[in-house]
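Working notes, structure below.
The values are calculated or read from the model by the stated rules, or taken from the named source; none is laboratory data. Treat the numbers as computed from the prediction; the structure is a model and nothing was measured. Cβ coordinates were reconstructed from backbone atoms using ideal geometry, including for glycine residues, and neighbour counts include every protein chain displayed.
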Amino acid sequence: MKQYKTRANRIFNAVNITFLILVSATCLLPFIHLLAVSFSGSAAVNAGKVGLLPVDFTTSAYEFALRGGKFLRALLISVERVVLGVGLNLILMVLTAYPLSKSSKKVAGRNIYMTFFVITMLISGGMIPTYLVVTKLGLKDTIWSLILPGALPVYNMVILMNFMRGIPEEIEEAAVIDGATPFQILVRILLPVLKPALATVGLFCIVSHWNDWFSGMIYMNNPDNYPLQTYLQSLLQNFEQILQQQGAGDIQRLLVQMNARTGRAAQLFLGALPVMMIYPFLQKYFTKGLVMGSVKG
């Protein structure tokens, strides 16, 4: 049926689109400026000539960032953390959300378990007890010290549980009549339906693991074991000293064309790039999974 838009509707749409464009520009323009600074010469950056386009284009900051292998090593550690951590998060969330999505009549003690998980969302054990547990288990300076303390994100598990509760029970009842076990129902029926929700909570977990720098700072004694964000944090704080220490050989050419601002900008852009590349593939599931997972409490 053809819809006729009134003048008020057209005005509202114009104002709404303008507002969304301004909000998007507010988020996007600083990032474009950061990218322009990373590709600009040090003299232009110091003079404040760099806006949204590079001035005196150079890749010296990126050559310096990738030099020596420390950045790539930290990047690989972060990738390993994301792969292992998100995989473990999804497994534990699915195995926990599935029984909790049932009523208390079907799962004995369901309300007790749910209360326990809600309490952990509101009350944390604290940094010092967590540090002591990680130390006593011998996990320090290992990748597992970054993964196991947050192995089950309860908030994301609740989103997944609410999504499961929105699936009609008749689907499972028909599978039970056909002789399917609970595990077969979960793997063959529910998981394919859960793709939007899994993509949503998976993206949350990816961003959480990727952006976390504090865990690496307190659990890693050896800087060679730092994940990328911890490495960037330590680098950004001491970038001027690092530049002063590097003064010999062919690296001198790079130092002439860059300074601390261009170096920081290049490091930050490289650190954000992997998540930016992953998001477009999950975006189509993101909104659907988030909305459907918040319908029921």
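Numbers below:
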| read-out | value |
| --- | --- |
| Any pair with Cβ under 7 angstrom, 6 or more apart, that starts in the stretch 177-201 at a residue that is in contact (Cβ under 8 Å) with a residue 24 or more places away in the chain and ends at one that is among the small types (Gly, Ala, Ser) and surrounded by 16 or more Cβ atoms within 10 Å (Cβ to Cβ) | Pro196/Gly289; Ala197/Gly289; Ala197/Gly293; Ala199/Gly289; Thr200/Gly289; Thr200/Gly293 |
| Single unsatisfied condition, Ser40 versus (1) surrounded by fewer than 14 Cβ atoms within 10 Å (Cβ to Cβ); (2) in contact (Cβ under 8 Å) with a residue 24 or more places away in the chain | (1) |
| Residues located in the stretch 167-203, provided they are farther than 15 Å from Tyr98 by Cβ and not hydroxyl-bearing (Ser, Thr, Tyr) | Pro168, Glu170, Glu173, Ala174, Ile177, Asp178, Gly179, Lys195, Pro196, Ala199, Gly202, Leu203 |
| Residues being touching a Gly at 6+ places or on another chain (Cβ under 8 Å) and modelled with pLDDT under 85 - total across the stretch 214-230 | 0 |
| Count of residues meeting criterion [within 15 Å of the chain's Cα centre (by Cα) and assigned to a helix (DSSP H, G or I)] in the stretch 213-224 | 2 |
| Where Ala25 falls short, out of the listed (1) aliphatic (A, V, I, L, M); (2) in a helix (DSSP H, G or I); (3) outside the structural domain of Met161 (by TED's automatic domain parsing); (4) surrounded by 15 or more Cβ atoms within 10 Å (Cβ to Cβ) | (4) |
| Answer residue from the stretch 179-212, given it is among the polar types (S, T, N, Q) and in a helix (DSSP H, G or I) and is surrounded by the most Cβ atoms within 10 Å (Cβ to Cβ) among those | Thr200 |
| One residue from Pro99, Pro153 being within 21 Å of Leu191 (Cβ to Cβ), surrounded by 12 or more Cβ atoms within 10 Å (Cβ to Cβ) and over 26 Å from the mean Cα position of the chain (by Cα) | Pro99 |
| Matching residues, the stretch 112-159, being basic (Lys, Arg) and touching a Phe, Trp or Tyr at 6+ places or on another chain (Cβ under 6 Å) | Lys140 |
| Residue in the stretch 122-139 that is outside any helix (DSSP H, G or I), crowded, with 16+ Cβ neighbours inside 10 Å and within 26 Å of the chain's Cα centre (by Cα) present | yes |
| Check on Leu90, out of contact with any Ser or Thr (no Cβ under 9 Å at 6 or more places or on another chain) and farther than 30 Å from Pro168 by Cα | no |
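Table: residues versus (1) assigned by TED's automatic domain parsing to the domain that holds Ile171; (2) touching a residue at least 40 places away in the same chain (Cβ under 8 Å); (3) of a type in the set (A, V, I, L, M, F, W, C).
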| residue | (1), (2), (3) |
| --- | --- |
| Ile112 | yes, no, yes |
| Phe116 | yes, no, yes |
| Lys136 | yes, no, no |
| Lys140 | yes, yes, no |
| Ile143 | yes, yes, yes |
